[in-house]
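Q: Sharing a structure below in structure tokens format, with a few things to ask.
The values are calculated or read from the model by the stated rules, or taken from the named source; none is laboratory data. Not measured: the values here are computed from a predicted model. Cβ placement follows ideal geometry from the backbone for every residue including glycine, while neighbour counts extend to all protein chains displayed. Heads up: the accessible areas ignore ligands, DNA and RNA and are worked out on the full protein's heavy atoms, side chains in. Shrake-Rupley method; radii C 1.70, N 1.55, O 1.52, S 1.80 Å.
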Amino acid sequence: MQLRYNYRLYPTPGQRAVLARAFGCARVVFNDGLRVRQEAYAAGLPYPTDADLSARLAAAKATPERAWRGEVSAVVLQQSLADLNAAYRNFFASIRGERKGPKIKPPRFKSRKDRRQAVRFTANARFKITPGGKLRLPKIGDVLVRWSRPLPCDPASVTSAGVLAHHL
């Protein structure tokens with residue numbers, strides 16, 4: 001059984017800027033992966049694998065116009081590609097009739113103007129809860145958390161979601 005608990009984060013202004021950058025990088029990686037797969041489909045080429053997209057992501061970090069991706073935790077970017085892969089899996093399962101409910105459309109590009117933003121840190125990101133009760137996120141720091149109830153166990157992943165546009 002998987003449980004999800006929601007807690008409110010209170011990042012400092014500097015942490016808000018870093019989180020906003022992480023949201024933007026995750027959106028760009030998702031859109032880049034989607035564009036690569038759409039172009040391959042239009043050209044009649046085989047479907048790019050996750051490993052191929054991940055390799056392109058690493059190569060893009062080396063270019064000067066995409067060097068800013070290095071300022072964000074790599075796990076956030078890999079999770080963005082995993083979200084794209086899950087969206088495609090759900091779409092194809094829907095087409096084949098293996099998914100309950102109405103048919104779903106293929107993944108769409110994420111908008112910069114959309115207020116729903118999220119990044120996910122998995123256990124590979126080495127996040128942790130400090131003895132002082134703060135959440136330590138890689139490349140972000142210790143973020144103040146309002147713990148409304150105790151956690152039953154250590155979390156497997158942490159998702160930071162929110163609207164930061166009004167706070168910046």
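Q: Sort through SER73, SER94 and tell me the only one that's at pLDDT 90 or above and hydroxyl-bearing (Ser, Thr, Tyr).
A: On the way: SER73 fails: at pLDDT 90 or above.
When all the criteria are applied, what remains is SER94.
Q: Now for a different question. Just to verify a result, which residue in the range 89-109, among those that are hydrophobic (A, V, I, L, M, F, W, C) and outside any loop (DSSP other than H, G, I, E, B), is nearest to the chain's Cα centre (by Cα)? Can you show your working first?
A: Filtering the range 89-109 down to residues hydrophobic (A, V, I, L, M, F, W, C) leaves 91-93, 95, 104, 109.
Applying the additional criterion that residues be outside any loop (DSSP other than H, G, I, E, B) yields 91-93, 95.
Details: PHE91: 19, PHE92: 21, ALA93: 22, ILE95: 25 Å.
This residue is PHE91.
Q: Another question, if that's okay. For ILE104, indicate whether it is open to solvent by less than 60 Å² (accessible area, probe 1.4 Å), touching a residue at least 12 places away in the same chain (Cβ under 8 Å), hydrophobic (A, V, I, L, M, F, W, C) and under 29 Å from TYR47 (Cα atoms). Please lay out each step first, then the result.
A: Values: open to solvent by less than 60 Å² (accessible area, probe 1.4 Å): yes; touching a residue at least 12 places away in the same chain (Cβ under 8 Å): yes; hydrophobic (A, V, I, L, M, F, W, C): yes; under 29 Å from TYR47 (Cα atoms): yes.
Criteria met by ILE104.
Q: Out of ARG149, ARG69, report the one residue that is basic (Lys, Arg), outside any strand (DSSP E or B) and exposed (fewer than 13 other Cβ atoms within 10 Å of the Cβ).
A: Working: ARG69 fails: exposed (fewer than 13 other Cβ atoms within 10 Å of the Cβ).
That would be ARG149, the only listed residue that is basic (Lys, Arg), outside any strand (DSSP E or B) and exposed (fewer than 13 other Cβ atoms within 10 Å of the Cβ).
Q: Name the residues in the range 122-146 that are charged (D, E, K, R), in contact with a strand residue (DSSP E or B) (Cβ under 6 Å, 6 or more places away or on another chain) and part of a loop (DSSP other than H, G, I, E, B), would you? Full working, then the answer.
A: Step one: filter the range 122-146 for residues charged (D, E, K, R), giving 126, 128, 134, 136, 139, 142, 146.
Add one more test, that the residue is in contact with a strand residue (DSSP E or B) (Cβ under 6 Å, 6 or more places away or on another chain), and what stays is 128, 134, 136, 142, 146.
Passing the criteria: only LYS134.
Q: For SER160, state whether it is hydroxyl-bearing (Ser, Thr, Tyr) and not in a strand (DSSP E or B).
A: Numbers: hydroxyl-bearing (Ser, Thr, Tyr): yes; not in a strand (DSSP E or B): no.
No.
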